[in-house]
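Down below is the structure, laid out as structure tokens.
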Amino acid sequence: MPEANGKGKRGLFLSMEGPDGAGKTTQASLLKERLENLGLEVVLTREPGGTLIGEEIRKILLNPDFQEMTVACEILLYSAARAQLVSQCIYPSLRQGFIIISDRYLDSNIVYQGFAGGEKLEIINKINMWATAQLLPDVTFLLDIDAEYGLLRLQRKGTGGANWRGDRMEQKELEFHHKVRQGFLQLASLDPGRFFVIPAGDEPEVVHEKIWGKMQELLGKNPLLFLREP
Ligand code: TMP
């Protein structure tokens, strides 16, 4: 189990959040590439997933055949994958001084299962604090996009064109996705020190430059990231 609050961590922990179709995955890759060009060591991971166990849990969570899955089951499965990821990947990488970029993290649990799914936020928060030994990101980039536009983007990108069905979460009704967007914005307004909200409807390069502006500020505050272990 990692030490509480990420004690002993030297790296930088970044998460990318946003409604489905906001472009997190593209932005996470662009950011990784740019940081690596500076000679920094970057680990890119995703949630749910990022470990062998987590990727198996992901298959269950996103399988459209499991429509009967309860919100409680979702909370516990997403958190189980997260606990494994923190322990096996995020925390060890941070101890080594790497930069971690996680494509989603615990804010998704609070927003999808809490704000949109209807479970009490305190319960989700407690489970997540336990599962992650209270490890929070240093900065969370919230890619903000209109829910309907995000889903349309996924549909355009996905196979099957107009017949695109999406995974189990993407298939939820539009109202659910509107709540997701509002939930993220509400979380961000409660913690402006951690969240950096970026309008994500623009071209990927434009969004990336906004993220990069914030990143330069963070790197300036963490010059030790440029020092390698002997
Ligand atoms: P992804 O497709 O962006 O990788 O995310 C998978 C889906 O799982 C996405 O619809 C968001 C959802 N999700 C939750 O509902 N709760 C969570 O805790 C996480 C991490 C993701």
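The values are calculated or read from the model by the stated rules, or taken from the named source; none is laboratory data. For clarity, every value in this text was computed on a predicted model and none was experimentally measured. For neighbour counting, all protein chains shown are included, and Cβ atoms are generated from backbone atoms with ideal geometry for every residue, glycine included. Side chains included, ligands, DNA and RNA excluded: accessible areas come from the protein's heavy atoms. Shrake-Rupley method; radii C 1.70, N 1.55, O 1.52, S 1.80 Å.
On a full-extension model of 0.36 nm per residue, what is the gain between MET69 and ILE53, subtracting their alpha-carbon distance, rounded to one decimal in nm?
On the way: separation 16, 0.36 × 16 = 5.76 nm, distance 1.92 nm.
Between MET69 and ILE53, full extension yields 3.8 nm more.
Taking a probe of 1.4 Å, how large is the accessible area per residue of the range 21-144, in Å²?
Values: 5140 Å² over 124 residues.
With the other protein chains kept in place, the range 21-144 gives 41 Å² per residue.
Lysines near LYS214 by alpha-carbon distance under 17 Å, same-chain residues fewer than 8 away left out - which ones?
Straight-distance partners of LYS214: LYS24, LYS32.
Are there any trypsin sites (Lys or Arg not before Pro) in the range 1-51 that are in a DSSP loop and have at most 13 other Cβ atoms within 10 Å? List them by number.
LYS7
How much length is gained on full extension from LYS221 to ASP202, taking 0.36 nm per residue of separation minus their Cα-Cα distance? If you can, show how the numbers build up before the last one.
Working: separation 19, 0.36 × 19 = 6.84 nm, distance 2.82 nm.
My answer for the length gained is 4.0 nm.
Extending each Cα 7 Å along its Cβ direction at LYS214 and THR26, get the distance between those two points in nm, one decimal.
1.8 nm
Would you mind giving the three semi-axes, in whole Å and largest first, of the ellipsoid equivalent to the chain according to its Cα gyration tensor?
27, 21, 16
Straight-line reach from LYS7: which lysines have a Cα under 23 Å away, not including same-chain ones fewer than 8 places off?
LYS126, LYS221
GluC sites (Glu not before Pro) within the range 60-126: which are DSSP loop residues with at most 11 other Cβ atoms inside 10 Å?
Answer by residue number: GLU68.
Where the centroid of each part is defined by its Cα atoms, how far is the range 146-214 from the range 37-67 in Å?
Their Cα centres are 18 Å away from one another.
Quick one: compute the contact order of the chain, relative version, from alpha carbon pairs under 8 angstrom and 6+ residues apart, as a percent.
About 31 percent, as a whole number.
Round to a whole number: what % of the accessible area of the chain belongs to carbon and sulfur, probe 1.4 Å? List each step's numbers first, then the result.
On the way: 6170 of 11290 Å².
Summing carbon and sulfur atoms, their accessible area is 55 percent of the total for the chain.
Express in nm, to one decimal, how much length is gained between LYS7 and GLU33 on full extension, taking 0.36 nm for each residue of separation and deducting their alpha carbon distance.
Numbers: separation 26, 0.36 × 26 = 9.36 nm, distance 2.77 nm.
Net length gain for the segment: 6.6 nm.
Specify the residue with the greatest mean-square fluctuation among ASN63, ASN125, ASN163, computed from a Gaussian network of the chain linking alpha-carbon atoms under 10 Å apart.
ASN163
Go ahead and estimate [θ] at 222 nm for the chain from helices alone: -39,500 (n - 2.57) per DSSP H run with n ≥ 4, summed, over the residue count, rounded to 500.
Value at 222 nm, helices only: -14000 deg cm²/dmol.
With a cap of 11 neighbouring Cβ atoms within 10 Å, and only residues DSSP puts in a loop, list the GluC sites (Glu not before Pro) found in the range 139-230.
GLU173
Tally Lys and Arg at +1 and Asp and Glu at -1 over the other residues with C-beta under 11 Å from the C-beta of PHE66: what net charge comes out?
Residues near PHE66 contribute -2 overall.
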